[in-house]
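**Student:** The structure under discussion is supplied below as structure tokens; questions concerning it will follow.
Only the coordinates and a few stated rules stand behind these numbers; no lab work does. What you are looking at is a predicted structure, and each value in this text was computed from that prediction instead of being measured. Ideal geometry is used to build each Cβ from the backbone, glycine not excepted, and the neighbour counts take in all protein chains shown.
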Amino acid sequence: MHHVSTKKKRTQQTSEAYGQNYQKDREAATYNAKYRARWSKRITTWREFGLLERLLRSQGQNKILLDLPSGGGRLSPPMSHHTDLLIEADIALGQLRYGRDHGLVSTPQAWLMASGFSMPLKDASVDGVVCVRLSHHLPDKTEREQLVRELLRVSKRFCIMSFFDHYSLKNTLRRLTHPFNHKPPKSTMKIGELRRLANDCGARLVESPALFLIGSGHRYALMVKDKV
Ligand SMILES: C[S@@+](CC[C@H](N)C(=O)[O-])C[C@H]1O[C@@H](n2cnc3c(N)ncnc32)[C@H](O)[C@@H]1O
């Protein structure tokens, strides 16, 4: 029971409260250790690495890639093969410190404490941005949109962002069973909504493959900026 109520609290928390979760070293270490220990998470990571590798390869080699939020550096290995410099950015100091201690790769890295809503980076200052597992933690639609706008602002060429698909089987079942179990709604996005947002920011939604067809509602959106 305790586990269920903790989960419920997490899904209902504000983006500001979520940004505070991993500020301390111990909280970050616990989160990263748990992620590695669970076999279901290891399968997800294996699938995410494959997807990320394919999408990054389609965009060629980069001078600078931004990983936001980098968390403890889970995605540093697949990203590092595609760039000369990898910027790891997160709002939580604990996560950045964990990544610096445990997530070193052979590619040069830089760590930046920053919010995804307002990054201390100039327009088009990095070649591409990868934003995995943040948007579905933002309960507010305008914040999810602000995040996409900010990712596409700092990126010169492309953005890969995960989102929880409103029309996924998992979310459809959740919506249908809501009257019986009262589980709070997930923070979802629609593919059409993302397509319009990308267009608004001078980009194109090229593809949005699902992580898994059943069991997960996550998709990875590849948004590419049209050449000027
Ligand atoms: C679920 S983790 C994902 C980390 C990494 N992308 C991965 O897939 O392993 C979400 C991360 O988002 C960070 N975060 C929360 N709110 C943020 C914000 N507004 N801006 C940047 N990072 C944020 C948290 O500190 C946490 O490290």
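**Student:** First check a/c for region 111-208, with a ≥ b ≥ c the square roots of the eigenvalues of its C-alpha gyration tensor; if it is under 1.5, answer rounded, and if not, answer prolate when a/b is larger than b/c or oblate otherwise.
**Tutor:** Values: a/c = 2.80, a/b = 1.88, b/c = 1.49.
Here region 111-208 falls in the prolate category.
**Student:** How much net charge surrounds Ile214 when only the other residues with a Cβ under 15 Å from the Cβ of Ile214 are counted, with Lys and Arg +1 and Asp and Glu -1? Could the numbers behind the result be given before it?
**Tutor:** Numbers: positive: Arg47, Lys170, Arg174, Arg219; negative: Asp165.
For residues surrounding Ile214, the net value is +3.
**Student:** Could you pull out the pairs from Lys122/Lys170; Lys122/Lys186; Lys24/Lys186; Lys24/Lys156; Lys141/Lys170 whose alpha carbons sit more than 30 Å apart here?
**Tutor:** Details: Lys122/Lys170 38 Å; Lys122/Lys186 32 Å; Lys24/Lys186 26 Å; Lys24/Lys156 33 Å; Lys141/Lys170 20 Å.
Checking Cα-Cα distances, Lys122/Lys170; Lys122/Lys186; Lys24/Lys156 exceed 30 Å.
**Student:** If we restrict to alpha carbons, what Rg and Dmax does the chain come to, in Å?
**Tutor:** My reading of the Cα-based Rg and Dmax gives 16.9, 55 Å.
**Student:** What number, rounded to the nearest 500 deg cm²/dmol, is the helix-based mean residue ellipticity at 222 nm of the chain, given -39500 (n - 2.57) per DSSP H run of at least four residues and division by all its residues?
**Tutor:** Numbers: 9 runs with 99 residues, N = 228.
Helix-only estimate at 222 nm: -13000 deg cm²/dmol.
**Student:** Could you order the peptides 149-155, 212-218 from most to least packed, using the average number of other C-beta atoms within 10 Å per residue? Could you put the intermediate results ahead of the total?
**Tutor:** On the way: 149-155: 21.9, 212-218: 15.3.
By packing density, highest mean first, the sequence is 149-155, 212-218.
**Student:** Residue by residue through region 150-158, what is 3J(HN,Hα) from phi via Karplus (6.51 cos²θ - 1.76 cosθ + 1.60, θ = phi - 60°)? Round to whole Hz and write x for glycine and proline.
**Tutor:** 5, 4, 6, 5, 7, 8, 7, 10, 7
**Student:** Still on this model: For a footprinting-style exposure proxy, rank Glu27, Glu16 by other Cβ within 10 Å, fewest first.
**Tutor:** On the way: Glu27 16, Glu16 10.
Arranged by neighbour count, lowest to highest, Glu27, Glu16 become Glu16, Glu27.
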